[in-house]
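Worksheet: the structure to be examined is printed underneath.
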Amino acid sequence: MATNQKRKEQKKIDILNAATKAFVTGGYKNTSVADIAKEAHSSQVTLYKYFPSKIELAREVTIKMIVDGYAGYDHRLDQPNMNFKQKIENILDFGSTEVNTVNQDFMNFMIDEFQAANGDDRVMRIYNEGKDGFWSKILKQGRAEGMISDDIQDEVVMMYVDMIISYFTNPATAQKTKNIVTQKYSNGLARVFFYGIMGK
């Protein structure tokens, strides 16, 4: 029984990994369930046993990318041989690389998911679950090294973070958000933010 359960879990992971590769490179619209099944060395019937629809599978890919992204940032913050500024540069480079590798059509799908435009708010909920831990770790390390200005309280930083997130998740600014990402301005926004909280 345990072996069968492990096989099922592995199959689900295989499908999710195949879907991630397919959506990131081919986009949401141009990637079919058949493409993903082929990439996963599986049948469409098997795929539908684990994920009831293409949109649900793409949503799970988006959630996986958020969770993996937090883990990637966390790993960079744990580097003992780097100072805070080097860690921030590393995080910015990592984030920029991630954005640049994602097909624009799938990036648009992800933005829609953050805005719950497809009728489900799980993506935003998962993002919010990791947000406070990530930011408290950044603030703690930055303050320990004297790199974050004492004039800028944690509450102010979090309010600023929430304002940016509100903008990015507001359906009224959906097209502007997509344009910001398309034109690669999001890295510039991140730099303005990080160097702003350093206050130097």
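The values are calculated or read from the model by the stated rules, or taken from the named source; none is laboratory data. Just so it is clear, the structure is predicted and the values come from calculations on it, not from any experiment. Cβ: placed from backbone, ideal geometry, glycine included. Neighbour counts: every protein chain shown. Surface accessibility is based on the protein's heavy atoms, side chains included, excluding ligands, DNA and RNA. Shrake-Rupley method; radii C 1.70, N 1.55, O 1.52, S 1.80 Å.
Region 160-179 and region 14-69 have Cα centres separated by 26 Å. Rounded to the nearest Hz, the phi-derived 3J(HN,Hα) couplings of region 64-79 under the Karplus curve 6.51 cos²θ - 1.76 cosθ + 1.60 (θ = phi - 60°) are 4, 5, 5, 4, 5, x, 4, 5, x, 5, 4, 4, 5, 6, 8, 5, where x marks glycine and proline.
Can you tell me, using C-alpha contacts under 8 Å and at least 6 residues apart, the relative contact order of the chain as a whole percent?
Across the chain, relative contact order equals 22 percent.
Note that the chain presents 56 Å² accessible area per residue, ligands and nucleic acids not counted, probe 1.4 Å. If I model a spin label at Asn100 and Tyr167 as a point 7 Å from the Cα along the Cα→Cβ vector, what separation in nanometres do I get? With each label point 7 Å from Cα toward Cβ, the separation is 2.3 nm.
Could you work out the relative contact order of region 11-77, using alpha carbon pairs under 8 angstrom and six or more residues apart, expressed as a whole percent? Present the calculation step by step, with values, prior to reporting the outcome.
Values: 39 pairs, mean separation 23.3, N = 67.
That works out to 35 percent.
Just so you know, the averaged projected area of the alpha carbon convex hull for region 6-123 sits at 8.4 nm². Cα to Cα, under 14 Å, and not fewer than 8 places away if on the same chain: which aspartates and glutamates meet these conditions relative to Lys11? Within the straight-line limit of under 14 Å, Lys11 reaches these aspartates and glutamates: Glu39. Here the chain is assigned +1 on the Cβ of each Lys and Arg and -1 on the Cβ of each Asp and Glu. Its dipole about the Cα centre then comes out at about 600 debye. Just one of [x] 58, 42, 24; [y] 45, 39, 35; [z] 53, 40, 27 is Cα extents along the principal axes in Å calculated from these coordinates, so which is it? This structure yields the entry labelled [x].
Listed values for region 95-100 are Karplus-derived 3J(HN,Hα) couplings in whole Hz (6.51 cos²θ - 1.76 cosθ + 1.60, θ = phi - 60°), namely x, 5, 4, 4, 4, 6, and x replaces Gly and Pro.
Given the peptides 3-11, 19-27, arrange them by the average over their residues of other C-beta atoms within 10 Å, most packed first. Let's see the in-between values first.
Numbers: 3-11: 10.4, 19-27: 19.9.
Ranked by mean Cβ neighbours within 10 Å, highest first: 19-27, 3-11.
Could you tell me which of the pairs Lys38/Lys178; Lys8/Lys178; Lys87/Lys131; Lys64/Lys87 are separated by over 27 angstrom between their Cα atoms in the structure shown?
Numbers: Lys38/Lys178 30 Å; Lys8/Lys178 36 Å; Lys87/Lys131 18 Å; Lys64/Lys87 23 Å.
Over 27 Å Cα-Cα: Lys38/Lys178; Lys8/Lys178.
How large a share of the accessible area of the chain, in percent, is made up of carbon and sulfur atoms when the probe is 1.4 Å and the other protein chains stay in place? Its accessible area is 55 percent carbon and sulfur atoms.
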